[in-house]
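The values are calculated or read from the model by the stated rules, or taken from the named source; none is laboratory data. Since the structure is predicted, the reported quantities are computational estimates derived from the model, not experimental observations. Neighbour counts run over all protein chains shown; Cβ positions are idealised from the backbone, glycine included. Remember, those area values only see protein heavy atoms, side chains included, never the ligands or the DNA or RNA. Shrake-Rupley method; radii C 1.70, N 1.55, O 1.52, S 1.80 Å.
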Amino acid sequence: METIRATETWQRAGAYYVRIQAMAKQYHITLREEFDEHDGPDTDYIVLLDEEFPVATCRFYEIEKDSVMIGRVVVLPEYRNQGLGSRVIQEAEEWVREQGYKKIVLESRDVAVEFYRKLGYEVVSDQMIHGGTFQCIRMEKELQHTAVRGAEK
């Protein structure tokens, strides 16, 4: 399984493919609903490949000077329960750290709250957010920064 930081068009297409197959088709979400104003050049994507075939993804984008929003965490149904969701989140967190952000925010579907808790995210509001297609709960995680070799923080 290869993890890539999708910076090229063909790599981003892999992220979009996973989202179409695992979310749009499964939950009958229109492409207009699935792809929003955050799917643009300022958004970063993680894609997991199984022999060059995209099987999992997530995206993140800046929401404040020190914070990003992670979203669209998706794993193809036949690849679920193998730790791939955790893997894309952990790779996104590393990339977010490298970019100097201090906090990650996400809006979790109620069925995924425990998944995110295991990764260190905390519920910050019990108020349900209508995320377009799903009811969501806001969660956050403060990032621990590690010292960069040869540089002082």
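About its Cα centre, the dipole of the chain is roughly 220 debye, where the only charges are +1 on Lys and Arg Cβ and -1 on Asp and Glu Cβ. Karplus-based coupling profile of region 6-12, in residue order and whole Hz: 6, 10, 9, 4, 5, 6, 4, with θ = phi - 60° in 6.51 cos²θ - 1.76 cosθ + 1.60 and x standing for Gly or Pro.
Taking only the alpha carbons of region 51-92, we obtain Rg and Dmax values of 11.9, 37 Å in that order. Annotation: amide H-H contacts under 5 Å for Ala6 (H modelled 1.01 Å from N, sequence separation of 5 or more, or interchain): Tyr45, Ile46, Val47. For the chain, the C-alpha radius of gyration divided by 2.2 N^0.38 Å, with N the number of residues, is 1.02.
Taking Cβ atoms as reference points and 12 Å as the exclusive limit, the residues near Val113 contribute a net charge of -1, counting Lys and Arg as +1 and Asp and Glu as -1. Exposed loop positions in the chain were taken to be GluC sites (Glu not before Pro) whose DSSP state is not H, G, I, E or B and which have at most 11 other beta-carbon atoms within 10 angstrom. Between these positions, the longest stretch is 53-151.
Couplings for region 82-98, taken from phi via the Karplus curve 6.51 cos²θ - 1.76 cosθ + 1.60 with θ = phi - 60°, read 10, x, 6, x, 4, 5, 5, 5, 5, 5, 4, 4, 5, 5, 4, 4, 4 Hz in order; Gly and Pro are left as x.
Rg/Rh for region 1-51 to two decimals, with Rh computed the Kirkwood way over all alpha-carbon pairs.
Details: Rg = 11.4 Å, Rh = 11.6 Å.
In region 1-51, Rg relative to Rh is 0.98.
Each label was represented as a point 7 Å from its Cα along the Cα-to-Cβ direction; for Ser86 and Thr7 these points are 2.9 nm apart.
Protein heavy-atom accessible surface, 1.4 Å probe, per residue over the chain: 59 Å².
Along Cα→Cβ, 7 Å out, is where each label goes; now give me the distance between the ones at Val113 and Glu51 in nm to one decimal. Result: 4.1 nm between the two label points. Hey, what D do you get for region 30-113 in µm²/s if you plug the Kirkwood alpha-carbon radius into Stokes-Einstein at 4 °C and 1.567 mPa s? Estimated diffusion coefficient is 95 µm²/s. In the chain, the portion of solvent-accessible area held by carbon and sulfur atoms comes to 47 percent [1.4 Å probe, whole percent, DNA, RNA and ligands not counted]. Which residue, chosen from Val105, His28, Val18, occupies the Cα position most advanced towards the positive end of the dipole of the chain, where the dipole is computed from +1 (Lys, Arg) and -1 (Asp, Glu) charges on Cβ about the Cα centre? Among Val105, His28, Val18, the one farthest towards the positive end of the dipole of the chain is Val105. Restriction of the trypsin sites (Lys or Arg not before Pro) in region 1-100 to DSSP coil positions whose beta-carbon has at most 11 other beta-carbons within 10 angstrom yields Lys65.
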